Amino acid sequence: MSVRLTHKGLPADITPYRLKLLLQQAKIALGLSSGALKYLEFVIDNCQPSDFQQGRICAIWHSLERLGTVFRLSKRQIGRIEAELVDADLIKRTYPERKSRSGERSDGVIKRAAGINLAPLIEQTDYIRFLVSRQMQADENHKRLREQIQDLFKQIRELENDEADVAATSILPRRRPTELNDIDKMKKIAEALEAVLADFSTVSGQPGVSVGSDKNVRLITNKEKKNITRIAARPSGNGRLNTSPAHARLLAGTKLGEYIDLYACGAPPNWLSITRATHDLAHELGISSRLWGEMCTRIGEAKTALCLIVADRNSQRNGEYGVDNAAASFTELARKEARQIAILDSIIGELTSSLMQKGGAL
């Protein structure tokens, strides 16, 4: 008994040769083994172009023994390949179980075929083309992101700032975007590098300006000294690094992140939403209003918020960087910053790197 199975035909712009190319490009998306791909290519090559026309039968009826000889595989291996393709809905077995395969072609047209039928493959051509298109778009996105990451590293290097280089390297230690494949991780790395570039570019773009008192100013009469620029001493609490709100939100833990988003009201986070959220969390952690206000005055609201963000994150971690008490960790970190023991930048760099390596979670 044979089964006659016709099909709707290939799309007008797809030839059997083009179908083979699509299969090669969609191999991974379809989950095909190399053996399955070669098998499909063989079946396509052993059908006539007219077999792919609408209303025709497109099939072969080679025996397992003959196929085994062609592929230099055992009948059992050929059977496994065919089962894989049946499960993928790319071929259909149209011969009775435990019966030999057979078929009949007359005037170039298959009249009956008890064998391997390609109708499922032909009718999935548009879907396969979609998979290829999606893969090509993904490849283009990967390429664009790799180029963006490489360019960000270049821009950071051109700042000629050792601390900026250290911060960038902590995000992607080997500095090789070609080794990245996960598109979401690549996006997060690019965002983190953009934050580093923005942080350090903001500082490097601000020239030192003298802000001395207007009292007891003596007129400079020496011509050689008129061109000397006076650089003001750094005000207490004005740290070198000005981490962006987007970077700060990336570092925030789940609960604090929700607070920030709540205050941001659906808009991108800014320092107002971040400082309000961290103030709320500080109260929950038992950090006194007196201490919080003191640190905001001494090192600034944004840096105080960053100290709490880091302390809160590290309280959720195990291992070398984990802390038992977020409030105590915040107090120690903020007071060190107030004494101008600059450790916050390096801690932020390490935390950012850890987040990138673990897909945004600790």
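Against the longest principal axis of the chain, how steep is helix 34-45, in degrees 0 to 90 to the nearest 10, with axes from Cα atoms?
50
Return the calculated 222 nm mean residue ellipticity for the chain, to the nearest 500 deg cm²/dmol, obtained by summing -39500 (n - 2.57) across DSSP H runs with n ≥ 4 and dividing by the residue count.
So the calculated ellipticity at 222 nm is -17500 deg cm²/dmol.
Nothing charged except the Cβ atoms of Lys and Arg (+1) and of Asp and Glu (-1): what's the magnitude of the dipole of the chain about its Cα centre? Round to the nearest 20 debye.
It works out to roughly 820 debye.
Per the 1.4 Å probe, what fraction of the accessible area of the chain, in percent, lies on carbon and sulfur atoms?
After summing per-atom areas, the C and S share lands at 49 percent.
State, to one decimal in nm, how far the label point of residue 70 lies from the label point of residue 158, with both points 7 Å from Cα in the Cβ direction.
Computed distance between label sites residue 70 and residue 158 equals 5.7 nm.
With the Cα gyration tensor of the chain in hand, convert its eigenvalues to equivalent ellipsoid semi-axes via √(5λ) and list them largest first in whole Å.
That gives 68, 24, 17 Å for the three semi-axes.
Which one, 180, 287, 170, is farthest towards the positive end of the dipole of the chain when Lys and Arg carry +1 and Asp and Glu -1 on their Cβ?
Checking the options against the dipole of the chain, the answer is 180.
Select from 129, 76, 339 the residue whose mean-square fluctuation is largest in a Gaussian network model of the chain (Cα-Cα springs shorter than 10 Å).
Looking only at 129, 76, 339, the biggest GNM fluctuation is shown by 76.
Helix 125-158 sits at what angle to the longest principal axis of the chain, using alpha carbons and giving 0 to 90 degrees rounded to 10?
Helix 125-158 sits roughly 30 degrees off the main axis of the chain.
Keeping every protein chain present and rolling a 1.4 Å probe, give me the accessible area per residue for the stretch 30-75 in Å².
With the other protein chains kept in place, the stretch 30-75 gives 50 Å² per residue.
The values are calculated or read from the model by the stated rules, or taken from the named source; none is laboratory data. Predicted model only: the values in this text are computed from it and were never measured. For neighbour counting, all protein chains shown are included, and Cβ atoms are generated from backbone atoms with ideal geometry for every residue, glycine included. Note: accessible area is taken over every heavy atom of the protein model, side chains too, but ligands, DNA and RNA are not part of it. Shrake-Rupley method; radii C 1.70, N 1.55, O 1.52, S 1.80 Å.
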